[in-house]
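**Student:** I'd like to ask you about the structure that follows.
The values are calculated or read from the model by the stated rules, or taken from the named source; none is laboratory data. Every value quoted in this text rests on a predicted model; they were computed, and no experiment measured them. Here the Cβ positions follow ideal geometry from the backbone for every residue, glycine too, while neighbour counts run over all protein chains shown.
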Protein chains: 2
Amino acid sequence: MKWQPSRKDELTLQQQIIQWVTKHIERGDWVAGTKLPTQRQLAMQFGVNRSTVQQALEELKAAGILESKVGSGIYVADNSWDSLMTQTQPNWQKYIETSLHKPNYHTIQLINEYEQRDDVIRLGTGELAPSLLPTAEIEESLKELSLQPKALGYSSPQGSYKLREAICGYVKKRGIHAKPQNVCIVSGALQALQLIAVGLLEQGSIVFQEQTSYLNSVHPFQSVGMQMIAIDRNEQLAQTLAQRKRKRQAVFYAVPTLNNPTGGVWTTLEKKNLYEACKSSRIPIIEDDVYHELLFEAATAPIKSMDESGQVLYIGSVSKTLSPGLRIGWLIGPTTVIERLADIKMQTDYGSSAISQEIVLHWLRSGKYEKHIKSLRKELLRRANFIEGILQERFTEMASWDKPKGGFYIWLKFHEPIVDKDLFTKLLQRQVLINPGYIYDPQDTRHIRLSYAYATYEELEKGLKILFDVVKKSK
Amino acid sequence: MKWQPSRKDELTLQQQIIQWVTKHIERGDWVAGTKLPTQRQLAMQFGVNRSTVQQALEELKAAGILESKVGSGIYVADNSWDSLMTQTQPNWQKYIETSLHKPNYHTIQLINEYEQRDDVIRLGTGELAPSLLPTAEIEESLKELSLQPKALGYSSPQGSYKLREAICGYVKKRGIHAKPQNVCIVSGALQALQLIAVGLLEQGSIVFQEQTSYLNSVHPFQSVGMQMIAIDRNEQLAQTLAQRKRKRQAVFYAVPTLNNPTGGVWTTLEKKNLYEACKSSRIPIIEDDVYHELLFEAATAPIKSMDESGQVLYIGSVSKTLSPGLRIGWLIGPTTVIERLADIKMQTDYGSSAISQEIVLHWLRSGKYEKHIKSLRKELLRRANFIEGILQERFTEMASWDKPKGGFYIWLKFHEPIVDKDLFTKLLQRQVLINPGYIYDPQDTRHIRLSYAYATYEELEKGLKILFDVVKKSK
């Protein structure tokens, strides 16, 4: 919405605004039921007085094109089309509101939106900076790809066999023994979770997770009616799980290595305890292991490596290490489960991009992948130290944090409960985008997820200064 | 399952089979509740007598590892793990059975499976032959790609802006006026349907379609509880739609140009009638237009080009023209709808492959795409003529068909109702894979979808001869 009325036009500002709104409705961009921005917002966008906007909207209401709902705002009228040209169109807004899938949380929609803008400092982004992606090397490796004629056809349900073989070789170093038939290629970890949600769980199933969880910021399970229950992994797990599970189906979601957003790393004993507890209650475990390559020190074995009973579904991905744009991850589990989820993937999107699969295969096989990760880890460590330096300089009086063990994040905890939508918005007005703790735990008003992986050193410094100022002022 | 026991092993064949089955269960590949193949099938696979298999299975049953269900077969026992090593594992089979998403129809699972095999003649495949894909040119164009550093990050919710711009330019030639904000990049038409199903329709909504429909062979709508109603487009549409819709939300799914599987092409009047009828009942139309580039004669304008009320959701794709392996399609509609569906796509898979998007952008912009399609159409016409020649030679006494107007398919209609699972299986035994009509219309026992797009000329000839023989014999 970059449009503004022109003061040089022969029409008045008000007339231009009326025309502009009408055109949007005619084109079907603003459909019946669409809520308009507030008069204040429109005035700012149009660069005119609020009274000009108000007069224009009044005229449109009088014409039956817009309608007010008391205390709620102004909407495109249900019969706006009749008013415009005696046509009707579907009430899209109603379609959307009554449909099955939940929208993203508003904060996350805003994050998605503002992440597209170049003038915003992204202090929380869960993604490598463009400068940390091996773009030139990937471009170079495209020249080395030699495509088999069949490579560009529809994929087999589980994905490229060669890639699955290569992944088996790769995870073996993590102590996981899998065969290609135990692997399904997915478009990242999130798709793996979606497939599990619709392909493995009955409605009303329980998803156990930690209190602060990535799953609260997306909602593959919530969207299809699963019940989320937070569990402290240091409680008496076996007993708690058995009690709370009752007769329901259940699954335990865990990110034991470099948890998103807390950065936490489980001890081997904690992993073992979870495995044993879940085994005794026959609860499958989803082990989300997409950050393990980014540990600054050597990683301990994943839960999957202890799995003798086929009850751990293991998720890996190149999104956090090589490129999220490739959209390639993997899910490892018993063949029965893998075949089922591959069948649903075929019904969902007919498989992942063949070219992306070829690229990942090439990078795994040639050793480029592991070489790249080594240098990536070094750069992330350097960035972690840099950001910690700033935190120590400025933030010790208002916040605390753990030294990062790897990955992207510092889980910054403010002494006061100040992290709310208001802080998020105030920072956004100063062009600083944060990931507030409440998107990972609705109860949380003290944390933000700081990422040292995305912004430049300069932006990190500037962004943290603004964060400091805004917090200081809001106290 | 290529394993066979060795006669040179120190263990007996029976012991080796017991060991092999046990290992599969221990590894979690065969989980509690898994149904074993029949004894006959196992004997064939293992290359042993049926009695050897029977004895091995009896022993495993006695040990509590397998169990018989009367009249149903042999299963991995619920407590097989207790028997094996006093461990327990989740009852995956039960998880699968009670989960939300329907499995693919068995015939389609078989088709997906057999399509992976090189020794099968694929007479029905909805995919271009490897020789018709411009593999070498795509490989070549990879060298021309120059990736922006941001290109490999997470995509914006609607997909690459440049690609959306290029698509707007491309569909303009089809009389569709869209802006980038009206476009969402998807991983093919099927994903577009999935997004519409969960993002736009309430449970129990009605999906109108033609009696014989692609939607019956996949089930993006059925899987989430929508109700499918077949409509004859030559009925009194407006009245029928209004009557059958009642108070429900509804949507009309149409493939007006080169319908899959019938190959039918709607007249402009038929399109207009549908548009008017849907408009008067305020029913959105999903126009699936993925085959239009493959019309042998000039295409008439799509329904979307008549759409002044923003009620047509238009789907395009490169899967049928350039490469299904790229997984790139597009959905065009009012911004309200597009933003909603893009939001769900972000929650589902975080966008489509960036590299695939770059490739399609390059092919659209450079003119390579349209040039390729021209020569593709010629080759498809040649193949259509070839297959029709064979049909005319052999099949006139048992079947009839319409001359294909483009695309991949001839909708072959047998005079007798002979197209059933039995025919499908008999042909599979002779290594010929068909797409029987009943997967597109459960009532249909007369049609098969013949595709001249996939098999080689030699295979087409051989496959049709086998089809002829098998039908002849089965009469």
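**Student:** Every residue in the stretch B:371-417 that is outside any loop (DSSP other than H, G, I, E, B), of a type in the set (Val, Ile, Thr) and out of contact with any Asp or Glu (no Cβ under 7 Å at 6 or more places or on another chain), please.
**Tutor:** Selection gives B:387, B:410.
**Student:** Oh, and also: In the stretch A:122-137, which residues are surrounded by 24 or more Cβ atoms within 10 Å (Cβ to Cβ) and facing another protein chain (nearest Cβ under 8 Å)?
**Tutor:** Matches in the stretch A:122-137: A:128, A:133.
**Student:** Something else now. Could you list, in sequence order, all residues of the stretch A:404-425 that are over 16 Å from residue A:383 (Cβ atoms) and basic (Lys, Arg)?
**Tutor:** A:413, A:421
**Student:** Now for a separate question. For the list (1) hydrophobic (A, V, I, L, M, F, W, C); (2) free of Cβ contacts under 8 Å to residues at least 40 places away in the same chain; (3) part of a strand (DSSP E or B); (4) within 13 Å of another protein chain (Cβ to nearest Cβ), I need the number of the one condition that residue B:252 fails.
**Tutor:** Going through (1) hydrophobic (A, V, I, L, M, F, W, C); (2) free of Cβ contacts under 8 Å to residues at least 40 places away in the same chain; (3) part of a strand (DSSP E or B); (4) within 13 Å of another protein chain (Cβ to nearest Cβ) one by one, residue B:252 breaks only (2).
**Student:** Tell me whether the stretch B:418-435 contains one or more residues that are in a helix (DSSP H, G or I), closer than 24 Å to residue B:294 by Cα and either out of contact with any Cys (no Cβ under 6 Å at 6 or more places or on another chain) or assigned by TED's automatic domain parsing to the domain that holds residue B:288 (or both).
**Tutor:** No, the stretch B:418-435 has no match at all.
**Student:** Consider the stretch A:276-303. How many of its residues are within 15 Å of residue A:237 (Cβ to Cβ) and surrounded by fewer than 24 Cβ atoms within 10 Å (Cβ to Cβ)?
**Tutor:** Result for the stretch A:276-303: 7.
**Student:** Here is a list of conditions, (1) under 27 Å from the mean Cα position of the chain (by Cα); (2) in contact (Cβ under 8 Å) with a residue 60 or more places away in the chain, and residue A:142 meets all of them except one; can you say which number that is?
**Tutor:** (1)
**Student:** Quick check, is residue B:140 surrounded by fewer than 20 Cβ atoms within 10 Å (Cβ to Cβ), at the interface with another protein chain (Cβ under 9 Å from one of its Cβ atoms) and either small (Gly, Ala, Ser) or over 16 Å from residue B:318 (Cα atoms) (or both)?
**Tutor:** No: the conditions fail for residue B:140.
**Student:** Within the stretch A:321-332, can you find the residues that are facing chain B (nearest Cβ under 8 Å) and either of a type outside the set (A, V, I, L, M) or more than 19 Å from residue B:152 (Cβ to Cβ) (or both)?
**Tutor:** A:323, A:324, A:325, A:327
**Student:** Which condition does residue A:239 not pass, out of (1) away from every other protein chain (no Cβ under 12 Å); (2) not in a helix (DSSP H, G or I), if it passes all the others?
**Tutor:** Residue A:239 satisfies all of (1) away from every other protein chain (no Cβ under 12 Å); (2) not in a helix (DSSP H, G or I) except (2).
**Student:** Looking only at the stretch A:155-203, how many residues end up being on the phi > 0 side of the Ramachandran plot and more than 12 Å from chain B (Cβ to nearest Cβ)?
**Tutor:** Summing the residues that are on the phi > 0 side of the Ramachandran plot and more than 12 Å from chain B (Cβ to nearest Cβ) in the stretch A:155-203 gives 1.
**Student:** Quick one: residue A:13 ticks every box in (1) modelled with pLDDT of 85 or more; (2) closer than 30 Å to residue A:421 by Cβ; (3) among the aliphatic types (A, V, I, L, M) except a single one, so which number is it?
**Tutor:** (2)
**Student:** A further question follows. Consider residue B:99 against the criteria (1) in contact (Cβ under 8 Å) with a residue 60 or more places away in the chain; (2) crowded, with 20+ Cβ neighbours inside 10 Å: it satisfies all of them except one. Which criterion is unmet?
**Tutor:** Single failed check for residue B:99: (1).
**Student:** Could you go through the stretch B:345-367 and let me know if any residue there is more than 9 Å from chain A (Cβ to nearest Cβ), buried (at least 24 other Cβ atoms within 10 Å of the Cβ) and in contact with a Phe, Trp or Tyr (Cβ under 7 Å, 6 or more places away or on another chain).
**Tutor:** Yes: one or more hits.
**Student:** Another question about this same structure. Residues being in contact with a Ser or Thr (Cβ under 8 Å, 6 or more places away or on another chain), in a loop (DSSP other than H, G, I, E, B) and closer than 20 Å to residue B:348 by Cα: count how many of those fall in the stretch B:157-187.
**Tutor:** Result for the stretch B:157-187: 2.
**Student:** Filter the stretch B:97-111 for residues that are under 15 Å from residue A:250 (Cβ atoms) and either more than 7 Å from chain A (Cβ to nearest Cβ) or in a helix (DSSP H, G or I) (or both) and give the result.
**Tutor:** B:98
**Student:** Also, quick follow-up: State which residue is nearest to residue A:74 (Cα to Cα) when the search covers only the stretch A:39-61 and only residues that are surrounded by 19 or more Cβ atoms within 10 Å (Cβ to Cβ) and among the aliphatic types (A, V, I, L, M).
**Tutor:** The extreme case among them is A:57.
**Student:** Condition test on residue B:335, is it more than 25 Å from residue B:413 (Cβ to Cβ), within 9 Å of chain A (Cβ to nearest Cβ), over 20 Å from the mean Cα position of the chain (by Cα) and not aliphatic (A, V, I, L, M)?
**Tutor:** yes
**Student:** When you check residue A:218 against the structure, is it within 29 Å of residue B:325 (Cβ to Cβ), in a helix (DSSP H, G or I), modelled with pLDDT under 95 and under 20 Å from the mean Cα position of the chain (by Cα), yes or no?
**Tutor:** Answer is no for this residue.
**Student:** Test residue A:271 against the criterion of being under 19 Å from residue A:370 (Cβ atoms) and among the charged types (D, E, K, R), and give yes or no.
**Tutor:** For residue A:271, the condition - under 19 Å from residue A:370 (Cβ atoms) and among the charged types (D, E, K, R) - is not met.
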